[in-house]
Amino acid sequence: MISAGGSDVDGGDGSGSGSGALLSGGAPERGERSGGPAGGSTVLEEARVHVVRFAPAKLNLTLAVLGRREDGYHALHSVMAPLSLGDALTVAAAPPGATRDSLRVTGLTLPSDRDNLVLKAIIATRAAVAATWPAAPAFPPPLAARLVKRIPVAAGLGGGSSDAAAAIRVALAAWSATLEPAREAALAASLGSDVPFFLAGGTALVTGRGEFVEPLAEIAGEPPAVLLVTPALPLATAAVFKAYAGGTRQRDPEQAREISERLAADMRAGMVSYSLMARAQELAAANDLRAAAASIVPGLRSFVNALERLIERPVCQSGSGPTLWALYPTLIEARKAVRFVRLAAVNGTLPLVGTGEPFVAATTIAGRPTAPDTEFQDETAGTSRPRSVHNWFDAEESGAGDAP
């Protein structure tokens, strides 16, 4: 058990990572819980709260870096879209006697991380609603969370930020608490630059360092399909921005911005799926971090070139990378490409980057979410009467895309 900053990490084997990893984080101090019934735990136990939320991956259709701000962050202009590939986050009341939030992770391996964003988001949300939630002045009680991880880590797909946004929403639902939109947005921005986008939901133009989110009209027609190929080498966003700040730039410093502004304007007016498909070659040049990512990942340029020859389509980069993506008119065609790429990785046609074969998946650009609905099951019928809150996707069925 590792203890630092009020958080404990236990992977069962002491690693803090891998399938079944269990992490536990902050919870109310004993003195802060004295104002009500065991910190409000009775409220949660009576409701038998069981909240499920889908946490989608994101795709940067464009990413222009406009310069460094006074606060040290880079100003961005990025058209971003949620995907049908994502993680699933579930929370319930912590077991009796628990004094900390806990998180069990299954699915893709997570690195040992004492600053897991799910736990940080729950802790921050608790602090934000402590004075106003229904059982105040008792402190909101601990939660037991389970994360099914399907989004590759440190891949430019925003998995951690999406999980954090989902954690804010599930914690609020579990405690029957609310936050004013401005406070919720500020909370999201404090957790990470991409979190406000995921909290807003839907395709959007993201500016500032990520805190300004302008919803854009959804793409009309059949949702564009996307092939995702992530080399087996996690890439830290900070390292990519450092390379960019050091002078590793695209040849045309204005190209990404011009493409991004044009795409945002056209999407405000309304865009159909085939129109986005027709821009694939242009979108491949619309990421200012592409050269920076390639400069610190050995073999990434060769990998991109081989992938383009293999699928005979323009290959784009999402975020700071290393995830690469290509558009397809249908999910069926994207799934065929998945099999083709996996075979090429096995037989050596596609050179490997990192520690093994790449993560390869087919998914689609997702539409804007509808309002969450709540389902109640009858405890007298032999169930535990969970209150399940879902967002616009079924968290267990729609989150996997066509991932392995």
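Laboratory data are not the source of any read-out in this text; all were calculated from the coordinates shown. As the structure is a computational prediction, the values presented were derived from the model and not from experiment. Reconstructed Cβ throughout: ideal geometry from the backbone, glycine too, with neighbour counts over all protein chains shown.
Remarks
- Taking region 225-364 and dividing mean pair separation by its residue count, relative contact order in percent (alpha carbons under 8 Å, at least six apart): 45 percent
- Of the GluC sites (Glu not before Pro) found in region 264-322, the ones in coil according to DSSP and having at most 11 other Cβ atoms within 10 Å of their Cβ are 312.
- A protection proxy built from the mean count of other Cβ atoms within 10 Å ranks the segments 354-363, 160-169, most packed first, as 160-169, 354-363.
- In this structure, the amide hydrogen of residue 319, modeled 1.01 Å from its nitrogen in the peptide plane, lies closer than 5 angstrom to those of 60, counting only residues at least 5 positions away or on a different chain.
- Taken one residue at a time, the phi angles of region 289-295 give Karplus couplings (6.51, -1.76, 1.60, θ = phi - 60°) of 9, 5, 5, 5, 4, 5, 6 Hz. Gly and Pro are set to x.
- Temperature 25 °C, viscosity 0.890 mPa s: under these conditions the Stokes-Einstein estimate for region 225-364, based on its Kirkwood radius over C-alpha pairs, is 157 µm² per second.
- Annotation: lysines with alpha-carbon distance below 20 angstrom to residue 120 (same-chain offsets under eight excluded): 149.
- Rough spin-label spacing in nm, given labels placed 7 Å along Cα→Cβ, for residue 368 and residue 214: 1.5 nm
- The trypsin sites (Lys or Arg not before Pro) of region 215-301 meeting both criteria, a DSSP state outside H, G, I, E and B (loop) and at most 12 other C-beta atoms within 10 angstrom of the site's C-beta, are 251.
- If you wrap the Cα atoms of region 207-281 in a convex hull and average its projected area over all directions, you get 6.9 nm².
- When both region 73-130 and region 158-186 are represented by their alpha-carbon centers, they are found 9 Å apart.
- For region 225-364, with +1 on Lys and Arg beta carbons and -1 on Asp and Glu, the positive-most of 287, 317, 245 along the dipole: 317
- Peptides 200-206, 214-220 ranked from most to least packed give 200-206, 214-220, packing being the mean of other C-beta atoms within 10 angstrom over each peptide's residues.
- About its Cα centre, the dipole of region 225-364 is roughly 240 debye, where the only charges are +1 on Lys and Arg Cβ and -1 on Asp and Glu Cβ.
- Amide H contacts of residue 74 (H built 1.01 Å from N, under 5 Å, at least 5 apart or other chain): 69
- Residue-by-residue Karplus 3J(HN,Hα) for region 123-135, coefficients 6.51, -1.76, 1.60, Hz, glycine and proline x: 4, 5, 5, 4, 5, 6, 10, 3, 7, 10, 6, x, 9
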